[in-house]
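A.B. asks: If you scroll down you'll find the structure; I have some questions about it.
The values are calculated or read from the model by the stated rules, or taken from the named source; none is laboratory data. Because the structure is a prediction, the values reported are computed rather than measured. Cβ coordinates were reconstructed from backbone atoms using ideal geometry, including for glycine residues, and neighbour counts include every protein chain displayed. Quick note on the areas: whole protein, heavy atoms, side chains included, nothing else; ligands and nucleic acids left out. Shrake-Rupley method; radii C 1.70, N 1.55, O 1.52, S 1.80 Å.
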Amino acid sequence: MSEAQKLFIGGEWVAPDGGHYDVVDPASEEVVGQAPEASRQQVYDAARAARDAFGTWSRTTPRERSAILDRAADLMQRDFAANAELAQAESGATSGTARGMQVAVGVARFRRYAQGALEPVEEGLPPQISEAGPMGKAGVTGALAVRQPVGVVTCITSYNNPWANPAGKVAPALAMGNTVVVKPAPQDPLSVYRMAAALEEAGVPRGVVNVVSGASVAAGEAAVDSPDVDMVSFTGSTAVGQRIGEVCGRSMKRQLMELGGKGAAIVLGDADLDSAVAGIGTTYAFYSGQICTAPTRALVHRSVYDEFVAKLTAYIGFMKVGDPRAQGTVVGPVISAAHRERVESYVELGRKEGATVVAGGERPAGTGKGFYVAPTLLADCTNDMRVVREEIFGPVVAVVPFDGDEDEAVALANDSDYGLIDYVWSGDVARAFRVARRLRAGGVGVNTIGRNMEAPFGGFKKSGVGRDVGSYALHAYSELQSIVWPG
């Protein structure tokens, strides 16, 4: 990008008070562009602009909102190649991931919620018959449950997907009649400004969408504590989510939190090991392990443990690590040098804890510049190890053997602070479903890592609060109001 990016506040492209900072390509360590550093006051200004725009936007017809979201999707698709190129440069994603999992999913989510804007928001309830009493005569009371927009929503997005994650917040929030302040991840915010430009061109009214970025914590703090904000939607670490929740609690702001994960993949003795290995192996491929839904701890029955480890080791051997733009690359870099050091420190910690480093454990050879981490397999782990209990957020899988029946597997899986998505592999589908129902996780994949994009998404325990995706996202960005009347 040849020009320094400006903030988007109240329908205007505004110079940042805090100047600019470099956005760095994780693969080449070259500067991609200049991201704006918003001041606390500018974030407050964005929230005020969203507040001022809310009354009019919330009263627009569903068809008007739907048309704008659909046009925005058309414009994002029109510039698909350029958008994917920028997403790749900012995030270090492979070409297939940048195109298919980032930009394409972002466009699809705007299409989905263009339709979502047309979904019914009223539900008639059965009439209630009341006998005569202190409250008055006998009668019949009708009732209607109505979904109303929450108001001004702050959307704080994650760095691992600068298109799909913001789209999954902004599109349903707008579809329901909310206005938004978007605070993108500091590592890759430029794609979100492209999204805002598409919405502006699509005709979104001034102030309905605002984007403010910053590498310091000030912008994010202001986006949460602004008195004009009614709800915070956050994707990121549990530690940051807890701090946001504390601030929201003071003024009873609504929250939608998609936080950390340490997905347990239970591999029972009758499992199809090739299927399990392919599924668990995606931890390495997608976003270089920087994904909260990854099955990063494999709980494998002793009867198939050795064979599983051998197959997963061989699977890693076929994964090309390197330049995400090169054909055949499967594993690109992690987002930054600091994060690479964090992941590497966990691998070293695993060694000290007694895990066996079967694969990886050293920086991949021949990658030159870039923040690369070799796909790593830690075997012979136990459930009390930190590498098993804590989210590493990198291309690392820890394997824990178990000797007992499914009761032991369930106990191991549930012995975690996290509960986002777990997985079960078994040749007996009925057995797999039985195990799935016992897992304390917001989602469970049975013999698959695939997701149904209409199914509710969110976590138990410290993996989050609330649910989104599909119509559940529309519900998340709404308040329920009841209207009653005498029959």
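A.B. asks: What is the spin-label model distance, in nm, from residue 12 to residue 342 if the labels are put 7 Å beyond Cα along the C-beta direction?
C.D. replies: Distance between the two pseudo-spin positions: 3.7 nm.
A.B. asks: Now a separate question. What's the extension gain from residue 434 to residue 275 if we count 0.36 nm per residue and subtract their Cα-Cα distance?
C.D. replies: 55.3 nm
A.B. asks: Of all the Cα-Cα pairs you can form in segment 126-216, what percent are over 16 Å apart?
C.D. replies: Beyond 16 Å sits 62 percent of the P(r) for segment 126-216.
A.B. asks: Just order 356-366, 221-231 by mean Cβ neighbour count inside 10 Å, highest at the front, would you?
C.D. replies: Highest mean packing first, the order is 221-231, 356-366.
A.B. asks: Nearest 5 is fine: what % of DSSP beta bridges in segment 257-416 come out antiparallel, could you say?
C.D. replies: 20
A.B. asks: Can you give the accessible area per residue of the chain, in Å², using a 1.4 Å probe?
C.D. replies: 41
A.B. asks: So if we plug the beta-carbon distance of residue 352 and residue 403 into 1/(1 + (r/R0)^6) with R0 = 22 Å, what FRET efficiency do we get, rounded to 0.05?
C.D. replies: Rounded to the nearest 0.05, the efficiency is 0.30.
A.B. asks: Provide the per-residue ³J(HN,Hα) series for segment 428-434, in order, calculated from phi with Karplus coefficients 6.51, -1.76, 1.60 and θ = phi - 60°, each as a whole number of Hz, with x at glycine and proline positions.
C.D. replies: 9, 5, 4, 5, 4, 5, 4
A.B. asks: Let me ask something else. Keeping all protein chains in the complex and leaving out DNA, RNA and ligands, what accessible area do you get for residue 274 with a 1.4 Å probe, in Å² to the nearest 10?
C.D. replies: 90
A.B. asks: Now, a different point. With θ set to phi - 60° and the Karplus curve 6.51 cos²θ - 1.76 cosθ + 1.60, what are the ³J(HN,Hα) couplings of segment 202-208 in order, to the nearest whole Hz, using x for Gly and Pro?
C.D. replies: After applying 6.51 cos²θ - 1.76 cosθ + 1.60, I find 6, x, 5, x, 4, x, 5 Hz.
A.B. asks: As a test of reading the structure, rank 65, 206, 112, 342 by solvent-accessible area (1.4 Å probe, protein chains only), most first.
C.D. replies: Ranking 65, 206, 112, 342 by accessible area, largest first, yields 206, 342, 112, 65.
A.B. asks: On C-alpha positions alone, give me the angle between the axis of helix 337-353 and the longest principal axis of the chain, in degrees, nearest 10.
C.D. replies: Orientation of helix 337-353: about 50 degrees from the principal axis.
A.B. asks: Same structure, new question: Give me the one-decimal nm value for the distance between modelled label points at residue 148 and residue 131, 7 Å along each residue's Cα-to-Cβ direction.
C.D. replies: Placing both labels 7 Å along Cα→Cβ, they lie 3.4 nm apart.
A.B. asks: How long is the gain from residue 216 to residue 201 if the chain were fully straight, where each residue apart is worth 0.36 nm and the alpha carbon distance is subtracted?
C.D. replies: Extending this stretch completely gives an extra 2.4 nm.
A.B. asks: I've got another one for you. As an exercise, use a Förster radius of 22 Å and the Cβ-Cβ distance of residue 239 and residue 382 to find the FRET efficiency, rounded to the nearest 0.05.
C.D. replies: After rounding, the FRET efficiency stands at 0.35.
A.B. asks: Under 16 Å from a label point 7 Å along Cα→Cβ of residue 64: give me every residue in segment 33-52 with its amide N that close.
C.D. replies: The answer is 52, whose backbone nitrogens lie closer than 16 Å to the label point.
A.B. asks: How large, in Å, is the chain by the Kirkwood hydrodynamic radius built from its alpha-carbon pairs?
C.D. replies: It works out to 23.5 Å.
A.B. asks: Now a separate question. Need the list of lysines near residue 311 for cross-linking: C-alpha distance under 26 angstrom, and skip anything on the same chain fewer than eight residues off.
C.D. replies: Reachable lysines: 262, 320, 352.
A.B. asks: Provide the percentage of antiparallel DSSP beta bridges, counting only those with both residues in the chain; round to the nearest 5.
C.D. replies: 50
A.B. asks: Rounded to the nearest 0.05, what FRET efficiency is calculated for residue 56 and residue 314 with R0 set to 56 Å and r the Cβ-Cβ distance?
C.D. replies: E(calc), rounded to 0.05, equals 0.40.
A.B. asks: Would you calculate a helix-derived [θ] at 222 nm for the chain, using -39,500 (n - 2.57) for each DSSP H run of n ≥ 4 and dividing by the full residue count, to the nearest 500?
C.D. replies: About -12000 deg cm²/dmol.
A.B. asks: Something else now. Provide the convex hull volume over Cα atoms per residue for segment 1-155, in Å³.
C.D. replies: 183
A.B. asks: Once phi is turned into ³J(HN,Hα) by the Karplus curve 6.51 cos²θ - 1.76 cosθ + 1.60 with θ = phi - 60°, what whole-Hz value does each residue of segment 117-134 show in order, with x for glycine and proline?
C.D. replies: Rounded to whole hertz, the list is 4, 8, 5, x, 10, 10, 9, x, 9, x, x, 10, 9, 10, 7, 4, x, x.
A.B. asks: Please enumerate, by chain and number, the aspartates and glutamates with C-alpha under 15 Å from the C-alpha of residue 461, excluding those fewer than 8 residues away in the same chain.
C.D. replies: 258, 390, 391, 415, 417, 422
A.B. asks: I would also like to ask the following. D for segment 207-266, whole µm²/s, Stokes-Einstein with Kirkwood Rh over alpha-carbon pairs at 20 °C and 1.002 mPa s: what number?
C.D. replies: 168
A.B. asks: Moving on to the next point. Using alpha-carbon positions, what is the distance between the centroids of segment 38-63 and segment 440-487, in Å?
C.D. replies: Comparing the Cα centres of segment 38-63 and segment 440-487, I get a distance of 25 Å.
A.B. asks: Within the accessible area of the chain, what % is carbon and sulfur when the probe is 1.4 Å and the other protein chains stay in place?
C.D. replies: The C+S portion of the solvent-accessible surface of the chain is 53 percent.
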